[in-house]
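One structure is given below, encoded as structure tokens.
The values are calculated or read from the model by the stated rules, or taken from the named source; none is laboratory data. This one's a predicted model, so the numbers in the text were calculated from it and none came from an experiment. No Cβ is skipped: glycine too gets one built from the backbone with ideal geometry, and neighbour counts run over all protein chains shown. The accessibility values were calculated without ligands, DNA or RNA, using every heavy atom of the protein model including side chains. Shrake-Rupley method; radii C 1.70, N 1.55, O 1.52, S 1.80 Å.
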Amino acid sequence: MRNGNEEMRNAAAGAAAEGTGAKEAEAGGTGAKEAEAEGTGAKGAEAEGLRTGIIVGSFNPFTVGHDNIVTRALPLFDRLVIGVVGDQVHKPGMPPAEERVRAIAALYADEPRIEVKTYYGLAVEFARQEGARFIVKGVRSVKDFEYEREQADVNRMLSGIETILLYAEPQFSSVSSTMVRELQHFGADVSTFLPRKKITK
């Protein structure tokens, strides 16, 4: 009987351990569900029929020219996502992406249709993640147009995602992030070229 009782106790202990393992596995599954839930924002927007567009760039810094393109693109969409490049392969001296995201997000804090996020990799992959079917680009010159036309063709071939080109208004056609950085380097006042926080009425 003693051996029989010991076997029963061992079996019970084994079953309890298996139950604990199952609970741990279930807990792990919950974590996976939470991670999956985090990625449902774009899917939810797409399911709700929201027309989503993205505007991408390094935005170092975000200028009045960028702001003008965002303002003009917003009426075209229900949801506009500003994607801030996180990769620093070609521009190693850039401020951290998080810093640039915070600065831009502060400008549009009162506009619920605009979201600002960091992204890595291809713009078309970011567009897919956000449920966007359009990439919006600003064009200041013929040189810009030729470059963006080529990019648009490649993006369409890769993903079917279309590009919308908005031409810069005359007063912004010479404004660029590079110019602003150079002026900052020499201590010039660049406040004219940097947008202010939007105030909704």
Problem - Index of the failed condition, Glu98 passing every other in (1) within 12 Å of the chain's Cα centre (by Cα); (2) outside any helix (DSSP H, G or I); (3) more than 16 Å from Ile55 (Cβ to Cβ) - result: (2)
Exercise for the section: Would you check if Gly121 is modelled with pLDDT under 95 and open to solvent by less than 80 Å² (accessible area, probe 1.4 Å)? Expected result: yes
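One line per residue, one yes/no per condition, for (1) in contact with a Cys (Cβ under 7 Å, 6 or more places away or on another chain); (2) more than 15 Å from Ile54 (Cβ to Cβ); (3) among the polar types (S, T, N, Q):
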residue: Ala127; (1), (2), (3): no, no, no
residue: Val136; (1), (2), (3): no, no, no
residue: Asn155; (1), (2), (3): no, no, yes
residue: Gly160; (1), (2), (3): no, no, no
residue: Glu169; (1), (2), (3): no, yes, no
residue: Ser173; (1), (2), (3): no, yes, yes
residue: Met179; (1), (2), (3): no, yes, no
residue: Gly187; (1), (2), (3): no, yes, no
residue: Lys197; (1), (2), (3): no, yes, no
Practice task
Scan (1) under 16 Å from the mean Cα position of the chain (by Cα); (2) of a type in the set (Asp, Glu); (3) surrounded by 13 or more Cβ atoms within 10 Å (Cβ to Cβ) for the single condition Asp144 breaks and write down its number.
Solution key: (1)
Fill in the blank from the handout: When Asp87 is run through (1) modelled with pLDDT of 95 or more; (2) outside any helix (DSSP H, G or I); (3) in contact with a Gly (Cβ under 8 Å, 6 or more places away or on another chain), the failure sits at (1)
Practice task
Would you mind stating whether Arg128 is open to solvent by 50 Å² or more (accessible area, probe 1.4 Å), of a type outside the set (Asp, Glu), farther than 21 Å from Asn60 by Cβ and out of contact with any Pro (no Cβ under 9 Å at 6 or more places or on another chain)?
Solution key: yes
Problem - Where a residue in the range 97-118 is surrounded by fewer than 16 Cβ atoms within 10 Å (Cβ to Cβ) and its partner, wherever it lies, is modelled with pLDDT of 95 or more and part of a helix (DSSP H, G or I), with Cβ under 6 Å and at least six apart - result: Thr118/Val101
